[in-house]
Amino acid sequence: MKIGKWRISTIFKLLLFLLVVGSFIYVVSQTEESDQVLDIPAAPEVPAEEEEPVEEEGEGDTIPEEVIPEQVVEDAPLEETRPLFLHSKQEKIDNHPFLIENDHYELYLNEENLSIILRNKHSGALMYSTVQDPIDSNESWKNFTQSGIVMEYLVDTNIVVYQADMYSENPEKKITNTESGFIASIHYPELQISFDVHVQLTDKGITVEIPQETIIEESDKYKMASLYIYPFLGYSILGERNGYMFIPDGSGALIHLKDNNGKFKQPYSNMVYGENVGIDESYVLSLFNRMNPFNDPENILMPVFGMIHTDSEFGYLGIIEEGQFSAKIEAYPSGAILPYNWITSKFIYRQVYNQPTSQDTGTMVVRQKNRNNFDIKVHYQFVQEEYANYMGLASLYREYLVDNNLVEKKDIRFQSRIDFLGAEVEQGLIRKKEVPMTTFDSGKRILEDLQDRGVNDILSIYKGWQNKGIHGGLPILSSSADKSLENEVTLEDFIQFSQENNIDMYLYHNALRFNSDEFSSNRHKLMKKFNKRTHEEKVYGNVYEGFQFLHPESTMKILERMNKEYEKANIDNVMLGGITNHLFSYSDGNKEQDRIKTKSIYEEVITDYDESFNLLLEQPFSYLWDKTEALIDVPISSSNYVFTDEDIPFISLTLRGLVPMYAEYTNFQANQEEFFLQLVEQGLYPSFYITDENPSALKNTNSSDIYSSEYERYEEMIPSYHEELQAIHETVGDAVIINHEKKETITKVTFSNDTIIYVNYADEVQEIDGYTLDGLSYKVVTN
């Protein structure tokens with residue numbers, strides 16, 4: 001009897017449990033579509049639409065049965081129509097009185113909300129910076145869309161970020177007209193926060209500045225967190241405008257101005273120059289035997305963004321000149337929160353982070369002590385008519401880089417890049433042991449064979465040449481090579497061979513990472529995050545699970561010492577990695593250092609190396625483009641976010657003809673035919689990662705992801721790539737790209753020397769401009 005009662009009770013509890021769980025799952029599934037996990041911007045989400053009151057029978061107009069109410073709502077105007085063109089100067093446009101003009105533009109200002117309207121005097125096209133009559137918006141979002149400047153602020157250590165715009169928090173505004181624009185002094189009495197906004201009309205558009213010296217915070221409770229600068233400049237609603245937003249994701253991507261029918265819940269939001277691991281919590285999925293099954297998103301290498309209206313042939317390129325090290329680029333396709341398409345820069349002054357209170361458990365929210373120290377300066381340079389496209393934006397950026405000496409014209413002679421992996425480390429039964437993949441003798445033999453096959457112009461980067469190899473030997477503390485790589489040929493012999501045969505051989509130096517499994521940290525300071533914990537970059541390798549980052553000052557000391565070592569060893573060619581595409585905030589004792597401090601240290605030591613050696617930088621951020629002989633590992637595509645509509649080669653469109661650009665490794669491309677055509681289209685030089693040994697020898701190392709690298713597999717492909725791409729380069733020379741057109745599966749690239757390259761990405765034969773192109777082929781036309 002006891003057993004029977006126990007079974008009945010158990011069954012009853014089980015049924016009750018299943019009923020509760022089932023109800024919970026049902027509720028979650030019913031609300032899943034409306035839930036949005038967003039931390040940007042901090043304004044509340046848009047409330048659900050209220051149901052229209054149902055009229056009683058006989059009241060109001062009668063609607064035929066075949067016309068449903070939703071159709072009537074959709075046919076109604078979403079907001080008051082704003083003109084796209086005005087062909088004469090106005091006293092006032094949409095409550096924006098005329099302020100100032102030059103030979104190209106007129107600027108109109110609404111002092112109430114700092115909203116501006118720009119009119120192109122040549123075409124009459126208009127660009128609006130705020131929404132006139134917001135729809136589907138609660139009060140907070142309405143204020144956001146109607147404000148030229150939006151501030152977010154923190155209250156004590158509250159994790160919630162609050163919004164103060166041109167309406168909320170009772171701002172006081174004082175407008176002072178200047179010769180070229182205006183200065184707006186903004187003061188929030190209750191928050192005790194003030195700052196000045198300088199807006200200047202230029203021959204190319206407008207420039208907006210917020211000098212840090214004008215920012216005043218008098219309260220200990222309220223602190224500035226971030227600022228949006230004209231977030232709705234060039235906005236559009238749903239699919240009412242034609243055009244696109246440009247985001248600098250990887251090579252570049254476009255988001256079309258269309259009605260997305262609410263299918264996108266998240267916007268594009270990334271830090272310029274990559275994530276900040278000193279504050280932001282990053283993680284790696286440890287599924288699939290602790291390996292990350294997803295590719296990392298591409299970094300933002302350039303502090304730019306853009307908006308193009310093809311219907312009015314008017315658009316702009318936003319160039320962040322000051323504040324880019326603490327800036328985000330955010331792009332909202334319609335349906336992500338609001339029915340508007342908008343793109344903006346956001347500047348981060350303070351963040352909150354979790355501070356552990358014990359070794360194992362417990363955390364508390366801490367507010368960043370000091371405000372990040374920077375001015376804000378954004379140039380909005382406009383394009384019009386036939387230049388109102390992404391090619392026009394790239395041309396603007398090229399001109400900006402050259403005029404400001406941010407890019408120097410380099411020797412762009414064509415070379416194939418042949419990189420070698422030297423030594424790795426695997427875990428043996430008793431101790432770790434070296435795995436030599438390409439000795440200096442075998443590297444010499446491979447290069448000789450390539451030259452015999454006609455590959456006479458070679459740039460080569462040797463990775464893993466140091467003691468304990470590419471991952472075991474971090475940081476690099478000596479110019480001596482790993483003994484397993486030196487048999488009949490030493491590193492010195494190999495360098496001398498390269499020089500005698502006109503091969504540009506570079507030694508790779510990862511100046512960022514530290515391997516605590518192999519080296520004691522007593523001699524070197526490691527980077528600690530704001531929460532005082534040592535940062536660890538999880539990689540879940542077969543030997544090493546992760547690496548630490550060196551403290552920037554430790555990086556500087558090591559590189560200063562290695563500078564002398566390299567010179568003593570007669571090493572003239574060095575490639576730096578790690579510090580070229582990582583920036584972070586860090587804790588230095590009781591001080592919090594921002595990314596600008598990290599940048600200043602890295603830039604100083606990289607400048608020293610640029611003066612001492614022939615220097616290459618690994619996928620460098622744009623502020624370092626003038627310090628490298630070539631751009632290495634230029635991304636050939638974007639991160640392929642679901643809301644992007646097409647990739648564009650913005651980096652290539654900007655720099656082709658000025659700086660040699662080397663693509664990522666051909667070895668690891670899923671579709672090598674298409675990849676080769678992209679090299680042709682973008683003017684990128686080919687890159688191969690080569691080993692003498694079969695990559696199966698790497699299966700128990702941290703380089704186990706290298707699955708195709710043995711030279712025998714590529715000994716015919718490399719000469720073939722070299723011959724074809726070199727011939728194209730000789731035809732194009734140092735000409736820059738002046739036009740780039742996509743016509744379904746065909747891309748047409750026009751150069752400043754009148755050369756045209758057609759690329760057919762389709763499998764079928766295509767015709768264009770009187771030329772016939774076979775499937776997956778290209779054609780070079782000279783005039």
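The values are calculated or read from the model by the stated rules, or taken from the named source; none is laboratory data. Not measured: the values here are computed from a predicted model. Glycine gets a Cβ as well: all are built from the backbone with ideal geometry, and neighbour counts include every protein chain shown.
Looking across the stretch 770-783, the residues that are farther than 20 Å from residue 739 by Cβ and in a strand (DSSP E or B) come down to 772, 777. For the residues 697, 762, the requirement of being among the small types (Gly, Ala, Ser), over 22 Å from residue 631 (Cα atoms), exposed (fewer than 15 other Cβ atoms within 10 Å of the Cβ) and in contact (Cβ under 8 Å) with a residue 12 or more places away in the chain singles out 762. Among residues of the stretch 176-187 that are under 10 Å from residue 198 (Cα atoms), those with a Cβ under 7 angstrom from a residue that is part of a loop (DSSP other than H, G, I, E, B) and of a type outside the set (Val, Ile, Thr), sequence gap 6+ or separate chain, pair up as 184/114.
Restricting attention to the stretch 479-486, does a residue exist that is among the acidic types (Asp, Glu), buried (at least 22 other Cβ atoms within 10 Å of the Cβ), over 27 Å from residue 351 (Cα atoms) and over 27 Å from the mean Cα position of the chain (by Cα)? Checked against the condition, which is being among the acidic types (Asp, Glu), buried (at least 22 other Cβ atoms within 10 Å of the Cβ), over 27 Å from residue 351 (Cα atoms) and over 27 Å from the mean Cα position of the chain (by Cα), the stretch 479-486 yields at least one hit.
Scanning the stretch 538-586 for residues that are surrounded by 19 or more Cβ atoms within 10 Å (Cβ to Cβ), among the aliphatic types (A, V, I, L, M) and free of Cβ contacts under 8 Å to residues at least 60 places away in the same chain gives a single hit, 559. Residues considered: 251, 219. Of these, the only one that is touching a strand residue (DSSP E or B) at 6+ places or on another chain (Cβ under 9 Å), surrounded by fewer than 16 Cβ atoms within 10 Å (Cβ to Cβ) and over 29 Å from residue 110 (Cα atoms) is 219.
In the stretch 453-474, is there at least one residue being surrounded by fewer than 21 Cβ atoms within 10 Å (Cβ to Cβ), more than 35 Å from the chain's Cα centre (by Cα) and free of Cβ contacts under 8 Å to residues at least 12 places away in the same chain? Checking the stretch 453-474: not a single residue is surrounded by fewer than 21 Cβ atoms within 10 Å (Cβ to Cβ), more than 35 Å from the chain's Cα centre (by Cα) and free of Cβ contacts under 8 Å to residues at least 12 places away in the same chain. Just checking, does the stretch 587-596 include any residue being closer than 24 Å to residue 481 by Cβ, of a type in the set (Val, Ile, Thr) and in contact (Cβ under 8 Å) with a residue 24 or more places away in the chain? There is no residue in the stretch 587-596 that is closer than 24 Å to residue 481 by Cβ, of a type in the set (Val, Ile, Thr) and in contact (Cβ under 8 Å) with a residue 24 or more places away in the chain.
Any residue at all in the stretch 363-379 that's surrounded by fewer than 24 Cβ atoms within 10 Å (Cβ to Cβ), modelled with pLDDT under 95 and in contact with a Pro (Cβ under 7 Å, 6 or more places away or on another chain)? Within the stretch 363-379, one or more residues are surrounded by fewer than 24 Cβ atoms within 10 Å (Cβ to Cβ), modelled with pLDDT under 95 and in contact with a Pro (Cβ under 7 Å, 6 or more places away or on another chain).
Residues in the stretch 605-615: is at least one part of a helix (DSSP H, G or I), in contact with a helix residue (DSSP H, G or I) (Cβ under 7 Å, 6 or more places away or on another chain), farther than 26 Å from residue 544 by Cβ and of a type in the set (Asp, Glu)? Yes, some residue in the stretch 605-615 is part of a helix (DSSP H, G or I), in contact with a helix residue (DSSP H, G or I) (Cβ under 7 Å, 6 or more places away or on another chain), farther than 26 Å from residue 544 by Cβ and of a type in the set (Asp, Glu).
Annotation: residue 396 fulfils all but one of (1) touching a His at 6+ places or on another chain (Cβ under 9 Å); (2) farther than 24 Å from residue 499 by Cα; (3) crowded, with 23+ Cβ neighbours inside 10 Å; the unmet one is (1).
Quick grid of which residues meet (1) in a loop (DSSP other than H, G, I, E, B); (2) under 16 Å from the mean Cα position of the chain (by Cα); (3) buried (at least 21 other Cβ atoms within 10 Å of the Cβ); (4) among the hydrophobic types (A, V, I, L, M, F, W, C):
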site	(1), (2), (3), (4)
228	no, no, yes, no
234	yes, no, yes, no
244	no, no, yes, no
255	no, yes, yes, yes
261	yes, no, no, no
271	no, yes, no, yes
274	yes, yes, no, no
277	yes, yes, no, yes
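When residues in the stretch 104-138 are screened for being modelled with pLDDT of 95 or more and among the acidic types (Asp, Glu), 3 of them pass. On inspection, residue 756 qualifies as of a type in the set (A, V, I, L, M, F, W, C), more than 14 Å from residue 674 (Cβ to Cβ) and touching a Ser or Thr at 6+ places or on another chain (Cβ under 7 Å). Where strands (runs of 3 or more DSSP E) sit wholly within the stretch 709-769, those with at least 3 residues that are in contact with a helix residue (DSSP H, G or I) (Cβ under 9 Å, 6 or more places away or on another chain) occupy 737-743, 746-751, 756-760. Somewhere in the stretch 166-178, is a residue closer than 14 Å to residue 375 by Cα, out of contact with any helix residue (DSSP H, G or I) (no Cβ under 8 Å at 6 or more places or on another chain) and surrounded by 15 or more Cβ atoms within 10 Å (Cβ to Cβ)? Among the residues of the stretch 166-178, not one is closer than 14 Å to residue 375 by Cα, out of contact with any helix residue (DSSP H, G or I) (no Cβ under 8 Å at 6 or more places or on another chain) and surrounded by 15 or more Cβ atoms within 10 Å (Cβ to Cβ), which makes the answer no. Scanning the stretch 156-165 for residues that are of a type in the set (A, V, I, L, M) and crowded, with 16+ Cβ neighbours inside 10 Å, we see that the one that is farthest from residue 230 (Cα to Cα) is 161. Residues of the stretch 766-776 that are closer than 15 Å to residue 674 by Cα and without any contact (Cβ under 8 Å) to a residue 24 or more places away in the chain: 774, 775.
Criterion first (of a type in the set (A, V, I, L, M) and in a loop (DSSP other than H, G, I, E, B)) does residue 131 satisfy it? Working first, answer last.
Details: of a type in the set (A, V, I, L, M): yes; in a loop (DSSP other than H, G, I, E, B): yes.
So residue 131 passes the test.
One residue is enough: does the stretch 513-520 have a residue meeting the conditions closer than 30 Å to residue 713 by Cβ, surrounded by 17 or more Cβ atoms within 10 Å (Cβ to Cβ), basic (Lys, Arg) and in contact with a Phe, Trp or Tyr (Cβ under 8 Å, 6 or more places away or on another chain)? Quick ask: steps written out before the conclusion?
First pass over the stretch 513-520, keeping only residues closer than 30 Å to residue 713 by Cβ: 513.
Okay, now just the ones that are also surrounded by 17 or more Cβ atoms within 10 Å (Cβ to Cβ), so 513.
Subset that is basic (Lys, Arg): 513.
Cutting the leftovers down to in contact with a Phe, Trp or Tyr (Cβ under 8 Å, 6 or more places away or on another chain) gives us 513.
Yes, the stretch 513-520 contains a residue that is closer than 30 Å to residue 713 by Cβ, surrounded by 17 or more Cβ atoms within 10 Å (Cβ to Cβ), basic (Lys, Arg) and in contact with a Phe, Trp or Tyr (Cβ under 8 Å, 6 or more places away or on another chain).
When 561, 523 are checked against the criterion of being assigned to a helix (DSSP H, G or I) and farther than 22 Å from residue 632 by Cα, 561 stands alone in meeting it. Kindly provide the set of residues from the stretch 179-194 that are surrounded by 14 or more Cβ atoms within 10 Å (Cβ to Cβ), farther than 16 Å from residue 219 by Cα and not aliphatic (A, V, I, L, M), ordered by number. Hits for the stretch 179-194 are 180, 181, 182, 185.
Restricting to the stretch 646-698, and then to whatever is β-branched (Val, Ile, Thr) and assigned to a loop (DSSP other than H, G, I, E, B), can you tell me which residue is nearest to the chain's Cα centre (by Cα)? The extreme case among them is 648.
Would you be able to say whether some residue in the stretch 401-424 is basic (Lys, Arg) and more than 26 Å from residue 727 (Cα to Cα)? No, the conditions are met nowhere in the stretch 401-424. Annotation note: of 726, 682, the sole residue that is surrounded by fewer than 22 Cβ atoms within 10 Å (Cβ to Cβ) and either of a type in the set (A, V, I, L, M) or in contact (Cβ under 8 Å) with a residue 24 or more places away in the chain (or both) is 726.
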